[in-house]
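Below is one structure, written out as structure tokens; comments come after it.
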Amino acid sequence: MSNARIIRAPLDPSVLLKVVFLAVIAIIVMVPLLATLFGGFKSLGELRVNPFGLPRQWEWQNYADILFSARYWQLLRNSLIISTLTVALTLIVASMAAFTFAHIRFYGSSMLLSYLTLGLLFPAATAVLPLFIKVRDLRLLDTYFGVALPQAAFSLAMSVLLLRRFFKDIPYELLEAALVDGCSYIKFFRYVTLPLSRPILATVGTITFVNSWNAYLLPLVMLNTDALYPWPLGIMIYQGEYSSEWHLILAFITLTILPTIILFLLAQKHIVAGLTAGAVKG
Amino acid sequence: MARRTASVSAIGVAGEMVPQVTVRGPSWDGRFTVLILFLPPALLLFTLFVVLPIGEAAWYSAFNWNGFGRPTNWIGLDNYRFVLETRAFWLALRNNGLIIAVSLAIQLPLALTLALMLAERFRGAVALRMLFFMPYILAEIATGLIFSFVYDGDYGLVASIWRTFGAEPPHLLASTDTAMLAVLIVIVWKYFGFHMMLFIAALQSLDKSLIEAARIDGATRSQALRHVVIPLLYPTIRLSVFFAIVGSLQLFDLVMPLTRGGPADSSNTMVSFLYNNGISRMRVGYGSAIGVILFAICVTFAFTYKRWFMRDE
């Protein structure tokens, strides 16, 4: 916009208003997060009288106890396994389908594509009871795959759409040249399409990973053994056990959202682009 | 695509570019292999875990069934009648409506205002964008737990503020009057940043010359905003509304740590109602009927909305 000069004028009341407004929103966003982080460093007694401020006495023990417990690492491990499985399944299956839709013309292709995009219309929750029965009948209840397979299936629609759009933009001359030189479609997919598509694969992977890492409903329905629980289930149980020992719960929350926040700070551009682009293009 | 197929086969046969005369080369070369290898995994996975369960939900919803053995106790449409006669169902539907109303009345204007401020370049703009987006990437479960601390009547932040004014702290999540309000606040806190990012992305791809032209023609800053910028953002606004409504229809994870839909069903959403009444009690028929109703609402909404508001996209 053309108002750079106005912004620099320090005493403009509209600028002041804007600064105050932004500051208020920033405080509203930050206070709950900081209170959670610092709350984990307080004793329960201090938390009650001083929930906002910095800890007067830093209780490193709260965090240390969790970090040295097998439980915390097991939850993260389970989440990592389930999310990785989901991402791997989604990327492999969706990129193969997207490649077919992008490069091969066959009878019914647009019909099949619309069939897949039906998945965008409704959430997994609508069919979660029959899904439970199905997973049970497949004897996948209480396994990592029992969660990862439905999650991958529900992320297919969006993934295929995003990947297909990108694959179609790969210069067609490349495919022609490769075919003339005797390269097969499958080799082209493996050695040309996939390497060229790293950005979109990363985007789709990120969306799928974040969704799976944070998911609660499907693991809640499909898993019965504590040892297999991903962290969102584990933390709900932890909260149930330590119902009002908020200092421990806050430390636990901080440690479980830490991986997400670190990932976000490291790859923020990618994540923002992925999550908004994914939403827009879907 | 037809043209491409033609030129491939032309090159394969004649070795040079031929105008589009021969459509469909005689050989399926490797394409058939790709078709039978690459497509079935996706179709199988999707059919098995997405499409069939929806169909089965419709079938199971005609039975009184607890999930063991096979469904045998056919009761027709009774489950739907039971759902529609449950007060909690209508409460849940009302709550979903409230979420949509708050998204439109508060969250959207807030997100748009912030986007207009932060799309400009100044020091700290990018940092603020990231900060405001942060709640969106947090897991809903974690967000819900954080706010159940914020609202806690004994230890929470709200209680502490109340006490400094010498008042008895309220238990916001434990009262039927305030529980849903508390949930709504968390929803705005968590999701406004996502909508803001949608608007920022749209603002940055706007054609600046249109705004400059309006300014040169004598439009004030606010006139340019109202008559040029906002109309140019209509497609994004429609998209943002779409996400707010879809998000409301599937909201569940956030509600569980806060209230579990209670007290007395006052803060249930459709999905938490489905969970509390169908899944957690393994009433497969009844739960499936709720699922089918929710499915019908989602599909009807998606089609109507796309037809009425997003024709051009």
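A few comments on the model shown:
- Residue within the stretch B:97-118 that is assigned to a loop (DSSP other than H, G, I, E, B) and touching a helix residue (DSSP H, G or I) at 6+ places or on another chain (Cβ under 6 Å) present: no
- Residue satisfying all of: in the stretch B:61-74; under 30 Å from the mean Cα position of the chain (by Cα) and over 13 Å from A:Arg136 (Cβ atoms); nearest to the other protein chains (Cβ to nearest Cβ) among these: B:Ser61
- Single residue of the stretch A:228-251 satisfying the filter (aromatic (Phe, Trp, Tyr) and more than 9 Å from chain B (Cβ to nearest Cβ)) that is surrounded by the most Cβ atoms within 10 Å (Cβ to Cβ): A:Tyr229
Okay, residues lined up against (1) of a type in the set (Gly, Ala, Ser); (2) more than 10 Å from chain A (Cβ to nearest Cβ); (3) within 28 Å of the chain's Cα centre (by Cα); (4) in a helix (DSSP H, G or I):
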residue	(1), (2), (3), (4)
B:Phe147	no, no, yes, yes
B:Asp154	no, no, no, no
B:Arg163	no, no, no, yes
B:Ala182	yes, yes, yes, yes
B:Ile187	no, yes, yes, yes
B:Ser209	yes, yes, no, yes
B:Glu212	no, no, no, yes
B:Tyr234	no, yes, yes, yes
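Conditions tested, residue by residue: (1) crowded, with 22+ Cβ neighbours inside 10 Å; (2) among the polar types (S, T, N, Q).
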position	(1), (2)
B:Ala201	no, no
B:Arg221	no, no
B:Ile230	no, no
B:Gln250	no, yes
B:Val255	yes, no
B:Arg260	no, no
B:Tyr275	yes, no
B:Arg283	no, no
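- Any hit, the stretch A:72-85, residues being assigned by TED's automatic domain parsing to the domain that holds A:Leu220, of a type in the set (Lys, Arg) and within 29 Å of B:Ala58 (Cα to Cα): no
- Out of A:Val221, A:Val160, A:Val180, sole residue that is at the interface with chain B (Cβ under 10 Å from one of its Cβ atoms), in contact (Cβ under 8 Å) with a residue 40 or more places away in the chain, over 23 Å from A:Lys269 (Cα atoms) and out of contact with any Ser or Thr (no Cβ under 7 Å at 6 or more places or on another chain): A:Val221
- Annotation: of all residues in the stretch B:258-286 being within 7 Å of another protein chain (Cβ to nearest Cβ) and touching a Pro at 6+ places or on another chain (Cβ under 9 Å), the one that is farthest from A:Ala125 (Cα to Cα) is B:Val284.
- Positions within the stretch A:96-147 being of a type in the set (A, V, I, L, M, F, W, C), facing chain B (nearest Cβ under 9 Å), touching a residue at least 60 places away in the same chain (Cβ under 8 Å) and under 30 Å from A:Leu175 (Cβ atoms), in sequence order: A:Met96, A:Ala97, A:Ala98, A:Phe99, A:Phe101, A:Ile104, A:Leu120
- Elements of the type helices (runs of 4 or more DSSP H) sitting completely within the stretch A:191-270 and holding at least 3 residues that are within 14 Å of the chain's Cα centre (by Cα): these cover A:198-214, A:246-266.
- Unmet criterion (only one of (1) surrounded by 15 or more Cβ atoms within 10 Å (Cβ to Cβ); (2) modelled with pLDDT of 95 or more) for A:Ala88: (1)
- Residue check for B:Ile293: of a type in the set (Val, Ile, Thr), buried (at least 18 other Cβ atoms within 10 Å of the Cβ) and closer than 30 Å to B:Leu77 by Cα: yes
The values are calculated or read from the model by the stated rules, or taken from the named source; none is laboratory data. Just so you know, these numbers come straight off a predicted model, no measurement behind them. Cβ atoms come from the backbone with ideal geometry, glycine included; neighbour counts cover every protein chain shown.
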